[in-house]
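Have a look at the structure below, then the notes.
Just so you know, all these numbers are worked out from the coordinates, no wet-lab data involved. Note that this is a predicted model, so its numbers are computed, not measured. As a convention, Cβ positions derive from the backbone with ideal geometry for all residues, glycine included, and neighbour counts pool all protein chains shown.
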Amino acid sequence: MNTLLTFLAEFNSSFVKAFACLGAGIAVGIAGLGPAIGQGFAAGKAAEATGRQPEAMRQIRSVMLLGQAMSETTGIYALLIAIFLIFVVK
């Protein structure tokens, strides 16, 4: 009985580690879509705005880069959570 419990405890540990790695991969994959779509949308709108008002290109570029930096924070946060899932979950 004792060996069965030891086997189940080891199996459970491996099971948790496997699902932590799977969850990390899914988290980075899904969370990478948001920043990619947001940055593409921002760059497209900045190109439209520059086409309409070329004299305001400096202001448009600075606002676009600020928006893209804010958008990228969600991707970096997801990567941080994925790293925690892989290396911290035992």
_Distance (nanometres) between label positions extended 7 Å along Cα→Cβ at N12 and Q53_ = 6.2 nm
*Work out from phi, with θ = phi - 60° and the Karplus expression 6.51 cos²θ - 1.76 cosθ + 1.60, the ³J(HN,Hα) of each residue of the stretch 71-86, listed in order in whole Hz, and give x for Gly and Pro.*
5, 6, 4, 5, x, 5, 4, 5, 5, 4, 5, 5, 5, 4, 4, 6
*Once both axes come from the Cα atoms, what is the angle between helix 2-52 and the longest principal axis of the chain, in degrees from 0 to 90, rounded to 10?*
0 degrees
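Report the extension gain between E72 and L33 in nm, rounded to one decimal, defined as 0.36 nm multiplied by the number of residues separating them, less their alpha carbon distance.
Values: separation 39, 0.36 × 39 = 14.04 nm, distance 1.05 nm.
Extra length from E72 to L33 when fully extended: 13.0 nm.
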*asked:* Starting from the 7 Å offset along Cα-to-Cβ, what nm value, one decimal, do you get for the label separation of I81 and C21?
replied: 2.1 nm
*Among (1) 79, 16, 8; (2) 34, 29, 26; (3) 45, 23, 17, the entry derived from the coordinates for Cα extents along the principal axes in Å*: (1)
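In the stretch 12-73, which GluC sites (Glu not before Pro) fall in coil by DSSP and have 10 or fewer other Cβ atoms within 10 Å?
On the way: sites: E48, E55, E72; in loops: none.
Loop-located and lightly packed - none at all.
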